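Where a number appears in this text, it was derived from the coordinates with a stated rule and is not lab data. Small disclaimer: the values here were computed from a predicted structure and weren't measured. Methodologically, a virtual Cβ is constructed for each residue, glycine included, from the backbone with ideal geometry; neighbour enumeration extends over all protein chains shown.
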Amino acid sequence: MPFWRQVRPLYGRTGVKPVRKGERAIDFLEIGLKKQAKGDLAGAIADFTRALELNPEFVEALVTRGNARKSKGDNDEAIEDYTRALLLDPQNVEIMNHRGNARQAKGDQEGAISEFSRVIRIDPTMAQAWNNRGLAKYKMGDQQGAISDYSRSLELDPKAALTWKNQGNALQEMGDLAGAIQSHTRALDLEPEYVDALFMRGNARFEMGDLDGAIADYSRAIRFAPKNIRIWNNRGVVRKVTGDLEGAIADYSRVLEINPEHPDAWNNLGNARRAGEDLEGAFADYTRTVELKPEFADAWHNRGITLWRMGERDKAVVDYTRALELNPKFLWALINRGVARKAGGDLKGAVDDWERFLELAPGHPKAPAVRAEIREMQNLPSHSEK
């Protein structure tokens, strides 16, 4: 369905630039499209705007300017352009779909669902609208509704790799890892270099315990996207689990070459170094983590563990305390601070920490041992666990 209408330059309008001889709205549209293709969004928007000054009812210029504004992240302005276009062409489902995407991009998932539903009522064969509504439902946590929409979209367009990948994401969120892997694999059959599908299939394989498969997917994705730090980071996580600390450290280090201020990578690097008994290196990594992200409770806890193992008991207590200030229900921080307090002679503080732990997680696997420690410290007779 075409966006454009016949170009009708309007001359002498107030509030617009004077029309030079020979200027045509269609020419500015074409110039703007070339700039947009080269990534010059600001220049493209200026040309589309000039086209609209010449012809305010030029639907295609409104839509293309809306697209450029959406690409820049100016979703409210994009929605205004699509709305103006729809006043001129009220039944144009392509424009409705664009407006739904802009609503989705700005976080208005309910508005997006309403928009895509309108598209589907007018044209129930538009596979893209079913996919887009599924994505909005996914973002709202309605995974079953999302899968239903993705399935309908795939009935209409079974060669849509994006929709197979989206369905895989929803299945994975629901815990159907085998189904997720199957959907991601279908996406990759259609587009073998689909990085997001490789990444998500790697994640699903990791969750299923297929560590070699996960590493294979991440490694393949890295070939196509060598600067994608999420992939390097996740491969590092899996390598650490397999015991390949050297490989994990290399992957985290690569993340930090790309982005030296990535707190998760610094924390993960510290974990790998600590596992390899490089405590000074781990301490430095965790310190850098909390410098970059002071609210990172795990990093404070990890540095506390490292300090404890370095013999710095009091400093460890300080870090455990900071972790608990950030996350008062941090179970391992309560256990470990209790251990450090007991070692320092603060028996009441240790008991307080452990009783708080038991209050939060009475069925935790560590609970029996913690109860036994408390009884011993209180010099009470031991009773069998119930």
Treat each spin label as a single point 7 Å out from the Cα along the C-beta direction, and report the ASN379 to GLU359 distance in nm. 2.6 nm
Rounded to the nearest 0.05, what FRET efficiency is calculated for GLU193 and GLU277 with R0 set to 41 Å and r the Cβ-Cβ distance? 0.55
Grab the DSSP H runs of the chain that are 4 residues or longer, score each as -39,500 (n - 2.57), total them, divide by all residues and round the 222 nm result to the nearest 500 deg cm²/dmol. -23500 deg cm²/dmol
Cut-off of 10 Å, at most 12 other beta carbons, DSSP loop: longest stretch of the chain lacking such GluC sites (Glu not before Pro): 1-192
Explain nothing, just the number: relative contact order of the stretch 227-327, from Cα pairs under 8 Å at least 6 residues apart, as a whole percent. 18 percent
Between GLN182 and SER219, 0.36 nm times their residue separation minus their Cα-Cα distance comes to what? 11.4 nm
Can you tell me how much longer the chain between GLU312 and ALA367 gets when fully stretched, taken as 0.36 nm per residue apart minus their C-alpha distance, in nm with one decimal? 17.2 nm
Candidate lysines - alpha carbon under 22 Å from LYS240, same-chain residues fewer than 8 apart omitted: LYS227
Just subtract the alpha-carbon distance of GLU207 and GLU155 from 0.36 nm times their residue separation and send over the number in nm, one decimal. 15.8 nm
Rounded to whole Hz, the Karplus (6.51, -1.76, 1.60) HN-Hα couplings of the stretch 262-269, x for glycine and proline: 9, x, 4, 5, 4, 5, 5, 4
Could you grab the relative contact order for the chain? Cα pairs under 8 Å, six or more apart, rounded to a whole percent. 5 percent
Entries of LYS106/LYS293; LYS139/LYS293; LYS315/LYS348; LYS38/LYS165; LYS35/LYS159 with Cα pairs more than 21 Å apart: LYS106/LYS293; LYS139/LYS293; LYS38/LYS165; LYS35/LYS159
